[in-house]
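The values are calculated or read from the model by the stated rules, or taken from the named source; none is laboratory data. Predicted model only: the values in this text are computed from it and were never measured. Cβ coordinates were reconstructed from backbone atoms using ideal geometry, including for glycine residues, and neighbour counts include every protein chain displayed. Just so you know, the surface numbers come from the protein's heavy atoms only, side chains and all, with ligands and any DNA or RNA stripped out. Shrake-Rupley method; radii C 1.70, N 1.55, O 1.52, S 1.80 Å.
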Amino acid sequence: MHRLSKRSVKSLLRSSNAARYRDVAAPISSSHFFYQSADADSKGRWYSVLTSGRCDVIETAKPFKSRNEPFLGCRFESTAAASDTSDSPSEKFEYQAEVSRLMDLIVNSLYSNKEVFLRELISNASDALDKLRFLGVTEPELLKDAVDLDIRIQTDKDNGIITITDSGIGMTRQELVDCLGTIAQSGTAKFLKALKDSKDAGADSNLIGQFGVGFYSAFLVSERVEVSTKSPKSDKQYVWVGEANSSTYTIREETDPAKQLPRGTRLTLYLKRDDKGYAHPERVEKLVKNYSQFVSFPIYTWQEKGFTKEVEVDEDPSEAKKEGEDETAEKKKKTKKVVEKYWDWELTNETQPIWLRSPKEVSKEDYNEFYKKTFNEYLEPLASSHFTTEGEVEFRSVLFVPSVSGMGKDDMINPKTKNIRLYVKRVFISDDFDGELFPRYLSFIKGVVDSNDLPLNVSREILQESRIVRIMRKRLVRKAFEMIQGIALSENRDDYEKFWENFGKHLKLGCIEDRENHKRIAPLLRFFSSQSENEMISLDEYVENMKPDQKDIYYIASDSVTSARNTPFLEKLLEKDLEVLFLVDPIDEVAVQNIKAFKEKNFVDISKEDLDLGDKNEDKEKEIKQEFGQTCDWIKKRLGDKVASVQISSRLSSSPCVLVSGKFGWSANMERLMKAQTVGDTSNLEFMRSRRVFEINPEHPIIRTLTEACRSTPDDEEALRAIDLLYDAALVSSGFTPENPAQLGGKIYEMMNFALAGKWGTVPEYQQQAIQQPHIPETVEAEIVEPVEAGGQK
């Protein structure tokens, strides 16, 4: 047996979609479901539901036959008793093998989302109406029965019946046999076998969502389906009856005058016991609004309504007697308000597909109203973009930037936000995407996309492999950036501040995940700076404020603007009036490191070693190193492996020392963040933070005092303890976390006790004992002074 390749299966799918009649329906037996005009002079109106004129048949040279047995039929056990009360004779037919096997797959294996059945049947009804309108241009006699082109859906929740009626083209008897009894001829058996093999192999196949089975989706929820249809080309009306687990169906002529249709198709679904919930009017209305809101023909659903009126209330006899005593008093009838309910047709798809109109014809109010209705929002969007893409791929789209972010804070982590609704020929397909149309960092963008190039029923697997979708994604992302850039350049600065407050982190995530769009993302970033602590600035504004000889963009990462402003790393840069960006968001440092440069200006972290401020004087540096080289070696010897080296600093002016990170290691801010990770890998901490450089300020008095100590008494205990305390202080001021905070606190308390002892009064004896005075000998000999008389001499 020849097995179809994956490419052949897709080719077969495309050809079958092009020539497939997706709708099939069944007759309805009770007339009380159908609306008839209350006007006595108006003609009775019947509505029907099934598309016609299109068949699920692929034209071939000759029908497929297996080598041993031609068109073997699959037999099924019937679970529903299809009783026909009509007196007219009915003919019994047997499905082609392909259809029965397909129904077996649909009902028992492949379909998980049953509610799509209504979308398929409404799409069929819309196709029937479209075909009638098209043929009516050249054959006006087809429209001789003045019946509105619409779709009507009525439910009977007590009996579990759904009736769908359209006034479309209808079907003749032969079309019923061809369209509802055969899905395809040549190659269909192999095609279904390939699908079944993929299902057995564990593939996540969704046959209806992927290939479009049309009418047969009705059997997902129905045990019996009746299709009553009348074509304007025929004087007779025929009824097709089929059951879910039967290999046969019947066709008979409709002879009941009460059930006659002027034109079109009426499809009646007798729901299974477990699926009778679909027969509730509210459920049907919700499904129509979700999947078929923008179908070009009006869809009416049979809904319960009510109005308030006042009715008289019987008076209490005792109260009536009292009122009778006052003959002059005016008698007033007591009333109460009640709600009277009734059933009537209600237009369900009122919202028009705004993306099909020209952008010049749509006002801002129209966009805002469409946005609120479609996405159940109460605030107007910050911006919108309405565009049509033509050429290699054609699609229409309307995109929106929300005013606020979603209630869930995991929207940036989870891209499945259902913010993009995909339509094919105005029929809703899906909003369950995992980055196919927009990357994760742009998942907050809301909108609709309507493409005629995609097959009508698409599943997530097809979208991932589709070249069309990849092209669509690039253009949608480009339009989204244009929309955001428009907000940034608008005269109202508050709009972009609101956008940045809600979605700034999303764009920073884009710096990490989307290298291709760095040039689009970078101008949209905003940061605080040393010259703008209260208002964020853009990178363009920073570059404009740069000094003529400044080569790099300087930044410091910290946990707040206050700590960044007071860091010792800033001292020299502030003296030179160099602006420094404050990265106070945890994601900022990683985002900037991924961008690396902006307008040929590299980003430089001022908390790392080898900082070049452009003012190097080699002769002076050489002189300072000769003077303090011995001090650096002495401090390094005391600190040991705590630091990689001790160097003369070029970034300090008022602080005695600072602890800087290695050029390729974590900064103090990043080290703090990585320690705080719940599931972080602690084994990387030692490796990434291994290199720290202790920089000293040769101009500071403490360093000069230690230099004298190094030259005179390098082994002095007080001098060595001062080095330890200096290192711990630099650790804290540089943003690192002390390894032993309690020990650091003890050193500080000891120094305070020594400095404050006896300053404001008598020192208690226990404090005197606690004060250590190493330079004072334990025993001091008192000098003996001989007494001298006043005015006398010794």
(message) Applying a 10 Å radius around every beta-carbon, put 634-640, 501-507 in order of their mean neighbour count, most first.
(response) 501-507, 634-640
(request) Name the long-range amide H neighbours of residue 526: under 5 Å, sequence gap of 5 or more, or other chain; modelled H, no Pro or chain starts. (result) none
(request) Please work out how much accessible surface residue 733 shows to a 1.4 Å probe, ignoring ligands, DNA and RNA, in Å² rounded to 10. (result) 50 Å²
(request) State the Cα centre-to-centre distance between the range 695-719 and the range 228-272 in whole Å. (result) 104 Å
(message) Residue by residue through the range 377-383, what is 3J(HN,Hα) from phi via Karplus (6.51 cos²θ - 1.76 cosθ + 1.60, θ = phi - 60°)? Round to whole Hz and write x for glycine and proline.
(response) 9, 10, 9, 6, x, 6, 7
(request) Tabulate in residue order the Karplus-calculated ³J(HN,Hα) for the range 567-578, using 6.51 cos²θ - 1.76 cosθ + 1.60 with θ = phi - 60°, rounded to whole Hz; enter x for Gly and Pro. (result) 5, x, 5, 7, 4, 5, 5, 5, 4, 8, 6, 9
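Over the residues of the range 473-595, compute the C-alpha Rg and express it relative to 2.2 N^0.38 Å.
Cα Rg divided by the expected 2.2 N^0.38 Å: 1.10.
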(message) So if each residue of separation counts as 0.36 nm, and I subtract the Cα-Cα distance between residue 350 and residue 654, what length gain in nm does that give?
(response) 102.3 nm
(request) Rounded to whole Hz and in sequence order, give me ³J(HN,Hα) for the range 168-176 from the Karplus expression 6.51 cos²θ - 1.76 cosθ + 1.60, θ = phi - 60°, writing x for Gly and Pro. (result) x, 6, x, 9, 7, 4, 5, 5, 4
(request) Take the Cα of residue 545, step 7 Å along the line toward its Cβ, and report every residue of the range 568-592 whose backbone nitrogen sits under 20 Å from that point. (result) 568-585, 588-589, 592
